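Notes for the one structure printed next.
Throughout, read-outs are computed from the coordinates displayed, never taken from laboratory work. All values reported here derive from a predicted model rather than from experimental measurement. Cβ sites come from the backbone with ideal geometry, for glycine too, and all protein chains shown count toward neighbours.
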Amino acid sequence: MLEPFQLPFVQRALVELLLLAVLAGTLGCWIVLRGLAFPAHGAAAAAFPGLVLADGLGFAGALGGFGAALLFAFAVGRLGTRRGEGHDTLTALVLVAALATGIVLASDVFHSAASVESLLFGSLLAIGPPDVRLAAAVAVVTLAATWLLGTRWLTTGFDPASAPALGIRSKLPDTLLLVLVALGAVATLSAVGALLATALLVVPAATTRLISNRIPSWQLATIALAAAEGTLGIWFAVELNAPPGATIAVVAGAVFALVAIGHALVPRVAKAAA
Amino acid sequence: MSSLVAARDVAVGYGSAPVLRDVTFTANPGERIAVLGPNGGGKTTLFRALLQELRPSQGTLTTTGRCASVPQTERSRLDFPVSALDVALMGTIPGRAWWRRPTRTDRAAARDALKRVDLADRAERTYGELSGGQRQRVLIARALVQNAQVLLLDEPFTGLDTTSAALLEELLRELAQEGRAVMIATHDLEQARRWDRVLCVNGRQIAFGVPAETLTHDVLAQTYGAAIVTLPGEDPAAPHHAILPPHHHHHDDVPPH
């Protein structure tokens, strides 16, 4: 049953996923708590044309992806601080524009259409040492940032109007959170691709949010869940010969659905039993 | 007795035109001061100036001792995964370098503050699950953790039942008695009459003084304008009895960003 995990490329994929689980557990919780799920998805999608551009022009893909994701995160972050509606609409428009630009660049400018699928949905079983190093570096940076800035992210999100009176006048912690969202999106790209980044960055944290009521326990539960979902996803993918990124996303989605249903039913059952 | 807040001819606002002007008052240790005014009249702007978030465009505003705000509880996220202790701990942020995490001393201070507001046994409870009155007291604890000498409360009695309101009023009396100045934005005239001073604002300061002398029909008419309802009184010395209609509790004097 555990035979797939004896294959070197599966082991490398597993290491990558365990590192990304740390990222999902720490950064993912802040993304969910601060309502950044859609911008996170957008940042990952925005990285796509950056990757195509890097591929076509011959520079590091992570750099191109990060540049584009960062640009997107800042644009959305700035718009998010403004009042009024239309913020989500604009995020969606930029997201579509990013995907369309990527496709046009890939098919008509650089003629690299063959790699589009792996850029959009990841290629977990073809992961290389640089991908693992990037995931490890981003996981460490996120852990350190959570340790140092977690209280500020929490306080600002809890009551933004009171944050300045509590000594949080600098916009730097929130800006750094956006940079981390962009970094996190880029780190997940090689594993699950631009379109499925939220399967790691948002879905596990959203799942455990239903059953946790403190930040530290929530983050630990999310790390454990993301690691379990990733491991199960790889195993299914190898056994069923299915694309790993999509398989992990399906597993994560199914677990979320089960937990959400259980969460909705438990109070009713308890009430009926009482 | 030296005052904790002294304002002289203060004008303050967000852009070129002040939202509030002609503000001259003092807040002394031990005083509870009702801040009366219509929504949009400048109460929040005054508090933001006291918190040094806004600089007066005119006049002088001196504060000795730290001012801390106690906002309305609905303004905070009730769905956040935080305990009462976590919220009280937020009050330790101003005293700490940004790279430092809360220390054991910080936690002890937060617990002490929760004890001071009679919530020692609720420290580990989730903030959003507490009652409105308890949440308000947690936010007061957060202000006490900051060693605030001046407490600025924004309509703290809104939505509280009679028992919680009585508990809160007693707590505010004690906090003032311990040497703090407590400024309370409110629409409740009867409550304001029980406190030490009233400050009436409506774009400018209308009046400041002890309630019995200050809360005249004229002052209230200027403060609340057309929103005031008057009933004929039997007392010839006070021929009109002023009644204020219920207010919404929006912060409409904060302009859009």
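Percent of C-alpha pairs per 5 Å bin in segment B:77-146, short distances first: 4, 20, 32, 24, 14, 6, 1. Does anyone have the angle between helix B:132-145 and the longest principal axis of chain B? Alpha-carbon axes, 0 to 90°, nearest 10? Once rounded, the angle reads 70 degrees. Estimated from the Cβ-Cβ distance and a Förster radius of 45 angstrom, the FRET efficiency linking residue B:97 and residue B:16 is about 0.80. Applying 1/(1 + (r/R0)^6) with R0 = 30 Å to the Cβ-Cβ distance of residue B:222 and residue B:163 gives a FRET efficiency near 0.30.
Computed from label points 7 Å out along Cα-Cβ, the spacing between residue B:170 and residue A:137 is 6.1 nm.
In sequence order, segment A:130-135 has phi-based couplings of x, 5, 5, 5, 4, 4 Hz under the Karplus curve 6.51 cos²θ - 1.76 cosθ + 1.60, θ = phi - 60°, and Gly or Pro positions carry x.
Radius of gyration (Cα atoms) of the protein assembly as shown, expressed as a multiple of 2.2 N^0.38 Å: 1.17.
Label separation (residue B:131 vs residue A:268): 3.1 nm, computed from points 7 Å beyond Cα along the C-beta direction. Projecting label points 7 angstrom from Cα along Cα→Cβ for residue B:66 and residue B:115 puts them 1.9 nm apart.
Percent of C-alpha pairs per 5 Å bin in segment A:3-273, short distances first: 1, 6, 13, 17, 18, 17, 13, 8, 5, 2, 1, 0, 0, 0.
Once C-alpha pairs closer than 8 Å and six or more residues apart are averaged by separation and normalised to the residue number of segment A:161-274, the relative contact order reads 24 percent.
Which whole-number percent is the relative contact order of segment B:1-126 (Cα, under 8 Å, 6+ apart)?
Values: 150 pairs, mean separation 28.3, N = 126.
So the answer I get is 22 percent.
For segment A:3-273, the relative contact order comes to 32 percent (Cα pairs under 8 Å, sequence separation of at least 6).
For chain B, the convex hull drawn through the C-alpha positions has a volume of 145 cubic angstrom per residue. Relative intensity of segment B:29-71 on a log10 scale, I(q)/I(0) at q = 0.18, 0.28, 0.33, 0.34 Å⁻¹, equals -0.62, -1.28, -1.31, -1.30, per a Debye sum over C-alpha point scatterers of equal strength in the absence of solvent.
Computed from the Kirkwood radius of its Cα pairs, the Stokes-Einstein diffusion coefficient for segment B:27-142 at 10 °C and 1.306 mPa s stands at 99 µm²/s. Subtracting the Cα-Cα distance of residue A:90 and residue A:104 from 0.36 nm times their residue separation leaves 3.0 nm of extension gain. The angle separating the long axis of helix B:104-116 from the principal Cα axis of greatest extent in chain B is about 40 degrees.
Taking a straight Cα-Cα cut-off under 18 Å and skipping sequence neighbours fewer than 8 places away in the same chain, no lysines fall within cross-link reach of residue A:171. In order along segment A:160-165, the phi-based Karplus estimate (6.51 cos²θ - 1.76 cosθ + 1.60, θ = phi - 60°) of 3J(HN,Hα) comes to x, 5, 8, 4, x, 5 Hz; Gly and Pro are listed as x. Taking amide hydrogens as placed 1.01 Å from N in the peptide plane, the amide H of residue B:209 sits under 5 Å from those of B:198, each at least 5 positions away in sequence or on another chain. For the protein assembly as shown, the mean residue ellipticity at 222 nm estimated from helices alone is -18000 deg cm²/dmol, where every DSSP H run of n ≥ 4 contributes -39500 (n - 2.57) and the total is divided by all residues, rounded to the nearest 500.
Roughly how far apart, in whole Å, are the Cα centres of segment A:103-175 and segment A:19-43? Centre-to-centre distance over Cα atoms comes out at 8 Å.
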